[in-house]
Amino acid sequence: MGDHAGEGVDAILHRKATDIERTAKTFWLMKSPKARPAQVQALCKKIPTYTIFVEPATRGGARPTTREDAAREYSEDGQVWYRLPEGISPVTGKIDTSAAALVFDTMTTAVNGTLDLWDYGDFSDIQKPLKFILGCSTVCAIRKDMTPHPERMKSRYRGIVAVARLVEPYCVWLR
């Protein structure tokens, strides 16, 4: 995770935590082919699910978002649309047909630790290790030892920036 349209990570996390205090939830825009709404919803319906925000492998490794389009509506299924809740801060980024948002009801930045990426596999294909690339930094993961896998990421440990709990409807489309 990184800066967004000139807003630093700490400011973003504070703004989203304030949303949760005010309205009991917040929406976090993301655009990743590895975490589409239906996939996230399926995962979250099975087990309590959290998003772990990690530092990039290298300083400046997360490409900052430059677009500040503001979403107005969300949909759980892409068919029925609702206005974003009153009281939340703007949900901004590049709002197009692939724009989606994770829905959180708790978030903490009081985290001191690292995440071993080799302890997780790709939820969509549990035989494969996690892979973060530019434009695909949000992934659905499942705990699985990937230490012996030849395609695992070279950069193994990442500092944890924040942890948030997903709440129903878990992930939505935006427009």
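The values are calculated or read from the model by the stated rules, or taken from the named source; none is laboratory data. Just so it is clear, the structure is predicted and the values come from calculations on it, not from any experiment. Here Cβ is always computed from backbone atoms with ideal geometry, including for glycine, and neighbour counts include all displayed protein chains. Accessible surface areas use protein heavy atoms only, side chains included; no ligands, DNA or RNA. Shrake-Rupley method; radii C 1.70, N 1.55, O 1.52, S 1.80 Å.
The residue that is surrounded by the most Cβ atoms within 10 Å (Cβ to Cβ), among those in region 80-94 that are assigned to a loop (DSSP other than H, G, I, E, B) and free of Cβ contacts under 8 Å to residues at least 60 places away in the same chain, is LEU84.
For region 132-152, taking the residues that are touching a residue at least 60 places away in the same chain (Cβ under 8 Å) and outside any strand (DSSP E or B), the one that is least open to solvent (accessible area, probe 1.4 Å) is identified as CYS140.
Output the residue which, of all residues in region 62-77 that are modelled with pLDDT under 95 and not acidic (Asp, Glu), is most open to solvent (accessible area, probe 1.4 Å). Once the filter is applied, the top-ranked residue is ARG63. Hey, among the residues in region 95-122 that are among the β-branched types (Val, Ile, Thr) and within 16 Å of ARG175 (Cα to Cα), which one's least open to solvent (accessible area, probe 1.4 Å)? Among residues in region 95-122 that are among the β-branched types (Val, Ile, Thr) and within 16 Å of ARG175 (Cα to Cα), the one least open to solvent (accessible area, probe 1.4 Å) is VAL103.
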